[in-house]
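Presented below is the structure to which this report refers.
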Amino acid sequence: VPPTSHPLEVVNVWEDDEPQPCLPVEEALANAPERDGDFFKVPPGGAG
Amino acid sequence: VIDTLRLTAEEAKRLLDAREISGAELFAAYLDAIGERDGELHCFLHVCEDSGGDGLPIALKDVIGTKGIPTTAGSKILEGYVPVYDSTVVERLKAHGLRILGKTNTDEFAMGSSTENSAFGPSHNPWDPTRVPGGSGGGSAAAVSAGLAPWALGSDTGGSIKQPSALCGNVGLRPTYGTVSRYGIVAFASSLDQVGPVARTVRDCAFLYSIIAGRDPCDSTTVELPHPVELPASEEVHGLRVGVPRELNEAEGIEPGVAAAVRAAVAKLEELGAEVGECSLPLSVEYGMPCYYLIAPAEASSNLARYDGVRYGHRAAAAERLEMYKQTREEGFGDEPKRRIMVGTYALSAGYYDAYYGQAQKVRTVIKREHDALFETFDALVSPTSPTVAFPLGARTADPLAMYLSDLLTIPSCMAGLPGLSIPCGLSEGLPVGLQLVGPQFAENTLFRIGHALEQALGFDPVPERLRG
């Protein structure tokens, strides 16, 4: 019996490779708990 | 005076089109109803201000991403999260002039059957506030039932639209998988999740489905509908063949009052001219639930990995990065998501993937084939939606397995990606009983037709008895 990973038999879904506007940096960072300029900021990694 | 308890979306639209009422008056009437009754029912996690416009109001389950409006999925880990873009379904609603009344309560990440897993407290059933409204989309179902919204959107993974609609006495559709975009929806189990409508009539349900359905370039799992949505008009079901799967109608745990109400409705269908025959789904009902509880947690464990306190949502205070991840997830997730993340991570771990997730996917094929075979003989299958009427708050919270059984009858068709419509078919112990109609892929129009005919013939009053004036 073959596995069902998806209930519809949809294969090879293509879109034209056309640039679309993307999310502005300010909006992408709007929900960040902490930021540093244009970056998400996280605490430093541990010694290990 | 606008009686929000009785007003259907169709009638509201007629009044708006005839300029007998304004969009602002309509919106205000629902805000008043929310102010009056939501203190008791707790359907809403967030209520919106009127932003103007002239369309119909709508409530949205809080897993549906809304630009500029908080979206929590019922979880502390998303408290304070405000999406910066609209989900595709919301874009479509807005394109039709619909206006968002608010975001409705849900079990955390849509994991549950009662809304008791919401981090923000449960919703209450408008028919009896000591009882649950079902779940996970209990907030949407209770809001429609109590006249706090003319209609709403929910999401369904294993029964989260159909089961609460059944318990609250309204109409809910889980659409064919792939017909409604999941773009911008908080993901639970991606191969099962579908957004769908909750309404007071089958015609309203069909109309809302026609607005949200169709291919979306932002969700590669979506397809165009093969035929347009037809609003059911006739009460004609002559020649339609309706199957009664034994295992879905005689399962252990189905309350006698529920079975009786569904049997009476099936007899009514026969009176109306449908051809009714018994049939069997032995493998789907026996293996549907155990396989669902491998596939859904496995996919959830992967989807919920994104909540790490980096880009949005809750972040725990910790000086070191790994500790921050651990603390964030420990503090942010409730018990049910943690349970499913653990089960799902185990099912996907190296050496176990084939034995659990892979095997469950094969069983899924068996379930799909078993249903397909029945649809060579039948146009639709009928059963109760939920084995029981609305149960008391707290009755199943101590036992996750008892809670999981709430979805015993809805899960098999979800696993097969099939559409399912729940309509109210009567009362048991003074509480609504839901009847489930399942069809082959893209057979929503058939389900609407049967559902509408039955709705007209049964004359069920969807307004909770205690709220009738």
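The values are calculated or read from the model by the stated rules, or taken from the named source; none is laboratory data. This is a predicted model, so every value here is computed, not measured. Cβ sites come from the backbone with ideal geometry, for glycine too, and all protein chains shown count toward neighbours.
General remarks:
- Cross-chain or 6+ apart pairs with Cβ under 7 Å, the stretch B:340-354 first and free of Cβ contacts under 8 Å to residues at least 12 places away in the same chain, then not in a loop (DSSP other than H, G, I, E, B): B:TYR352/B:TYR346
- The listed residues are A:PRO7, A:PRO44, and the only one of them that is over 22 Å from the mean Cα position of the chain (by Cα), over 30 Å from B:LYS326 (Cβ atoms) and at the interface with another protein chain (Cβ under 9 Å from one of its Cβ atoms) turns out to be A:PRO7.
- For first residues located in the stretch B:278-299 and part of a strand (DSSP E or B), partners that are crowded, with 24+ Cβ neighbours inside 10 Å and lie 6+ apart or on another chain with Cβ distances below 7 Å form the pairs B:CYS279/B:PRO245.
- Residue count, the stretch A:10-41 (criterion: touching a helix residue (DSSP H, G or I) at 6+ places or on another chain (Cβ under 7 Å) and within 9 Å of chain B (Cβ to nearest Cβ)): 0
- Restricting the stretch B:319-345 to residues that are modelled with pLDDT of 95 or more and outside any helix (DSSP H, G or I), the residue that is farthest from A:ALA32 (Cα to Cα): B:GLY334
- Exactly one residue out of B:LEU348, B:LEU374, B:LEU283, B:LEU381 is modelled with pLDDT of 95 or more and within 13 Å of chain A (Cβ to nearest Cβ): that is B:LEU283.
- Residues that are within 14 Å of chain A (Cβ to nearest Cβ) and touching a residue at least 60 places away in the same chain (Cβ under 8 Å) were ranked within the stretch B:215-255; the one that is farthest from B:LEU281 (Cα to Cα) is B:CYS218.
- Residue that is surrounded by the most Cβ atoms within 10 Å (Cβ to Cβ), among those in the stretch B:376-427 that are touching a strand residue (DSSP E or B) at 6+ places or on another chain (Cβ under 9 Å) and in a helix (DSSP H, G or I): B:PRO412
- Unique match (being within 25 Å of B:ASP107 (Cα to Cα) and in contact with a helix residue (DSSP H, G or I) (Cβ under 9 Å, 6 or more places away or on another chain)) among B:CYS425, B:CYS414: B:CYS414
- Screening B:ARG215, B:ARG182 for residues that are under 17 Å from B:ASP62 (Cα atoms), in contact with an Asp or Glu (Cβ under 9 Å, 6 or more places away or on another chain) and basic (Lys, Arg) leaves exactly one candidate, B:ARG182.
- Candidates B:LEU148, B:LEU153, B:LEU192, B:LEU167 - the one that is at pLDDT 95 or above and part of a strand (DSSP E or B): B:LEU153
- Residue match in the stretch B:162-180 (condition: more than 14 Å from every other protein chain (Cβ to nearest Cβ) and of a type in the set (Lys, Arg)): yes
- Checked against the criterion of being assigned to a loop (DSSP other than H, G, I, E, B), closer than 30 Å to A:THR4 by Cα and modelled with pLDDT of 95 or more, the stretch B:206-215 contains one or more residues that satisfy it.
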